[in-house]
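Have a look at the structure below, then the notes.
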Amino acid sequence: MSIDVLIPESVDAAAEAYGDGRDVTVVGGGTIVVQLMTQGWLRPTRALMLSKAGLSYVRKSGSAVTVGAMTPVTDVADLFAPLGPCAANVGDNEIRAQATVGGNLCAPTPPEHPSGDLQGPLLALDASVRSTGAGGESTETVEEFLTHRDARLVLDLSFEEPVAGAFAALDRPHAHHPTALAVSAVKAGDGSIRLAATGAGPTAIRLSSAEAAADDPEAAGQAALADADLQDDALASAWYRERMLPLLVQRVLNEIKEV
Amino acid sequence: MNITLNGVSRQISSPPLTPLLRVLRNELNVVSAKAGCEAGGCGACTVLVDGRPQRSCLTAVGSLNGAAVTTLEGLGTSENLSAVQQAFVHHYAAQCGFCTPGMVVAATAYLDAGGSDDKEAIQEALGGHVCRCTGYLKIVNAIAAAATQSEFDLTITAEEPNVVVKTGGR
């Protein structure tokens with residue numbers, strides 16, 4: 001069976017080729033999609049390769065940052081917390097240079113465990129996602145985007161540099177697997193705090209109950225358990241996550257408190 | 001489509017979504033890049049794409065039109081080993097040899113980018129490479145030696161191709 005492969009050379013051409021996204025497999029850096037094809041889990045009929053679409057950029061204007069979907073993860077590893085330290089913790093040297101920010105945001109939830117480490121920091125930063133697909137271009141929050149990420153083509157992400165940010169994750173035993181559990185914290189200019197976790201649900205989740213108790217890090221850690229949907233998977237047991245989530249929440253809150 | 005493989009322009013007839021690793025091994029008969037996990041986690045398939053190390057098992061060949069790909073075969077020959085290859089010989093950094101092509105390619109990129117003999121930096125740079133013989137110590141030592149070029153003479157004479165002359169003391 002022949003596969004229809006499109007390699008657009010501009011953002012507009014990429015949006016047109018994607019159309020409503022039906023039956024289109026998007027190939028960004030390839031670190032997720034190519035191995036799924038090798039293993040036989042994915043058999044594309046139409047593929048859209050974005051390597052020449054002009055979507056790799058980091059633009060800064062004052063405290064505002066815009067990151068193109070095809071930007072390698074390594075290019076945001078030097079940014080402020082929680083995004084920078086999280087990106088620096090993804091995979092290994094070569095994987096970070098090949099994997100893309102947009103691909104990581106859209107990472108599917110495989111049967112074995114959640115993935116998409118950058119979802120947490122982007123959720124905590126309240127990033128807005130510009131994407132295209134059925135109905136044309138739209139901009140929405142990460143929370144909204146994550147609910148239909150397999151039916152949209154990400155163009156770029158925008159967010160503000162926070163007053164303070166922190167990231168804490170469980171150590172990974174070996175390169176490339178997503179982290180089993182991580183917590184991101186962001187303090188905005190008005191003093192409000194946003195918390196998000198990866199590995200505590202099928203995608204990254206907001207820890208609203210913990211945010212409400214943020215003045216007391218220990219209580220906030222316990223409160224976070226009410227927000228989480230902890231599962232047993234190949235990376236860690238729910239039992240272990242239940243014990244570690246409060247500690248990670250405490251750690252990031254103590255860190256941003258000092259700022 | 002075309003790629004420049006080890007300095008030679010090659011036409012590719014495999015479909016664009018074929019992993020570069022399979023194009024190298026099955027179409028172009030270049031077999032130094034190894035199929036280890038084929039999921040990006042072991043590093044054995046690493047090659048240089050425009051000078052940067054990349055997993056060939058995760059790279060769809062269609063994204064490489066016009067790119068320069070360098071495999072182990074492009075770094076040195078049996079008669080004229082590269083500095084990293086000589087350091088691997090001198091420090092006995094290969095056991096079974098399966099991970100060696102990926103290690104040498106990644107180490108070459110690390111040193112080309114100005115990498116030092118700092119062992120933590122070497123471990124970070126090679127962090128995605130697994131040695132199933134667990135011979136990491138000698139590999140890291142070899143790369144550190146290649147970084148300083150201090151522990152051995154980098155030239156091998158044609159008369160004594162298997163002898164590496166050690167000049168530095170230890």
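The values are calculated or read from the model by the stated rules, or taken from the named source; none is laboratory data. Computed from a predicted structure; not experimentally measured. Please note: Cβ atoms are built from the backbone with ideal geometry, for glycine as well, and neighbour counts cover all protein chains shown.
Summary of computed values
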read-out	value
Top-ranked residue of the range A:6-50 - restricted to ones that are β-branched (Val, Ile, Thr) and part of a loop (DSSP other than H, G, I, E, B), ranked as farthest from the other protein chains (Cβ to nearest Cβ)	A:THR45
Search result, residues across the range B:27-37 that are assigned to a loop (DSSP other than H, G, I, E, B), out of contact with any Gly (no Cβ under 8 Å at 6 or more places or on another chain) and modelled with pLDDT of 95 or more	B:LEU28, B:ASN29, B:VAL30, B:VAL31, B:SER32, B:ALA35
Filter pass, B:LEU17 being within 14 Å of chain A (Cβ to nearest Cβ) and in contact (Cβ under 8 Å) with a residue 60 or more places away in the chain	no
Given (1) within 14 Å of chain B (Cβ to nearest Cβ); (2) crowded, with 24+ Cβ neighbours inside 10 Å, number of the condition A:VAL186 does not satisfy	(1)
Filtered residues of the range B:48-98 (kept if in a strand (DSSP E or B) and over 21 Å from B:ARG132 (Cβ atoms))	B:LEU48, B:VAL49, B:ARG52, B:GLN54, B:ALA60, B:ALA68, B:VAL69, B:THR70
Some residue of the range B:90-109 being within 14 Å of another protein chain (Cβ to nearest Cβ) and within 18 Å of B:THR4 (Cα to Cα)	yes
Hey, A:ALA97 part of a strand (DSSP E or B), at the interface with another protein chain (Cβ under 10 Å from one of its Cβ atoms) and either modelled with pLDDT under 95 or over 16 Å from A:ARG130 (Cβ atoms) (or both) or not	no
Residue selected from the range A:51-62 under the condition within 18 Å of the chain's Cα centre (by Cα) and assigned to a loop (DSSP other than H, G, I, E, B), by the criterion farthest from B:VAL23 (Cα to Cα)	A:TYR57
Count of residues meeting criterion [under 22 Å from B:LEU111 (Cα atoms), over 13 Å from the mean Cα position of the chain (by Cα) and either more than 10 Å from chain A (Cβ to nearest Cβ) or aromatic (Phe, Trp, Tyr) (or both)] in the range B:35-66	1
